[in-house]
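The values are calculated or read from the model by the stated rules, or taken from the named source; none is laboratory data. Fair warning: this is a prediction, and the values are worked out from it, not measured in the lab. Here the Cβ positions follow ideal geometry from the backbone for every residue, glycine too, while neighbour counts run over all protein chains shown.
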Amino acid sequence: MNKKLYADAENSITNLEEEKALEIAEIAKKEGIELSELIEKGYAKGLKQVGQQFEEGLLFLPELSRAGEIMEKVMAILEPVIEKQGGELSKKGIVVIGTVKDDLHNIGKNLVKALLTAYGYDVYDLGMDTPAEEFLKKAREVKADVIGASCLLTSTKAELKNIVDYLEEKESRNDYLFVIGGAATSLEFANEIGADGYGENAQKAVKLIDKLLER
């Protein structure tokens, strides 16, 4: 029974079937299925497949974004139940992410959040228009391993350097890995401001964080 449910959950993500994905989540919740296993062996497996197909050029950004949206809705159903039952998902690390101050775009950030969650990270999303102070405040609060900042607008690129400067000012730069992404950024810019890495897209951002935390 469980194996079939895991396979159905996986397929609901790879086939971008939101209604089916949410129906499976509700059934599992009512029937007392081990929800953390359903996520890890079902939904997350499906999202990883979609991410891999995107990287190989077999799927495109709209499909990857859609899969991420479905995954987020599934997690919104299942995570509160897991917490209420006193359970937890196995975590590879803790990541705080947000879009920089004065930037009101969040599609890319939300996709990174969904993929990081699927790959076993505990993710705290600060949303859009996030000042440097909030990144550090949350990172300290949750004992984060990584701070990730997204920036779509060229006009807000300077905020990424402001985050680095603020971390240094508060003597916290060496406490966290700092990675950046978004249309206005690049590997060269990451190196220029002293970031630890640059994620060209959501899938590569996850692989980057994996690699950095293995060091």
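Brief remarks on what is shown
- Residue list for the range 165-194, filter: within 21 Å of the chain's Cα centre (by Cα) and of a type in the set (Val, Ile, Thr): 179, 180, 185
Residue-by-condition table, conditions (1) within 30 Å of residue 38 (Cβ to Cβ); (2) assigned to a strand (DSSP E or B); (3) aromatic (Phe, Trp, Tyr):
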residue: 98; (1), (2), (3): yes, yes, no
residue: 113; (1), (2), (3): yes, no, no
residue: 123; (1), (2), (3): yes, yes, no
residue: 149; (1), (2), (3): no, yes, no
residue: 167; (1), (2), (3): no, no, no
residue: 171; (1), (2), (3): no, no, no
residue: 174; (1), (2), (3): no, no, no
residue: 190; (1), (2), (3): no, no, no
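- Out of 2, 11, sole residue that is surrounded by 13 or more Cβ atoms within 10 Å (Cβ to Cβ) and modelled with pLDDT of 95 or more: 11
- Residue count for the range 192-205 satisfying the condition of being over 16 Å from residue 144 (Cβ atoms), in contact (Cβ under 8 Å) with a residue 24 or more places away in the chain, of a type outside the set (D, E, K, R) and not in a loop (DSSP other than H, G, I, E, B): 4.
- Filtering the range 191-201 for residues that are outside the structural domain of residue 51 (by TED's automatic domain parsing), at pLDDT 95 or above and hydroxyl-bearing (Ser, Thr, Tyr) leaves a non-empty set.
- Taking residues in the range 132-161 that are among the aromatic types (Phe, Trp, Tyr), and partners anywhere that are assigned to a helix (DSSP H, G or I) and buried (at least 22 other Cβ atoms within 10 Å of the Cβ), the pairs with Cβ atoms closer than 8 Å and at least 6 places apart or on different chains are 135/163.
- Test for residue 63: is it at pLDDT 90 or above and surrounded by fewer than 18 Cβ atoms within 10 Å (Cβ to Cβ): yes
- Residues located in the range 16-52, provided they are more than 13 Å from residue 74 (Cα to Cα), touching a helix residue (DSSP H, G or I) at 6+ places or on another chain (Cβ under 8 Å) and either of a type in the set (Val, Ile, Thr) or assigned to a helix (DSSP H, G or I) (or both): 33, 37, 41, 45, 48, 49, 50, 51, 52
- Within the range 72-91, residues that are under 14 Å from residue 34 (Cα atoms) and at pLDDT below 90 sit with their Cβ atoms under 6 Å from residues that are of a type in the set (Lys, Arg) and not in a loop (DSSP other than H, G, I, E, B), at 6+ positions apart or across chains, in these pairs: 81/29.
- Applying the condition of being assigned to a helix (DSSP H, G or I) and of a type outside the set (Lys, Arg) to the range 100-111 and asking which residue is nearest to residue 63 (Cα to Cα) yields 111.
- Note on the range 100-131: among residues that are touching an Asp or Glu at 6+ places or on another chain (Cβ under 7 Å) and more than 30 Å from residue 41 (Cα to Cα), the one that is surrounded by the most Cβ atoms within 10 Å (Cβ to Cβ) is 100.
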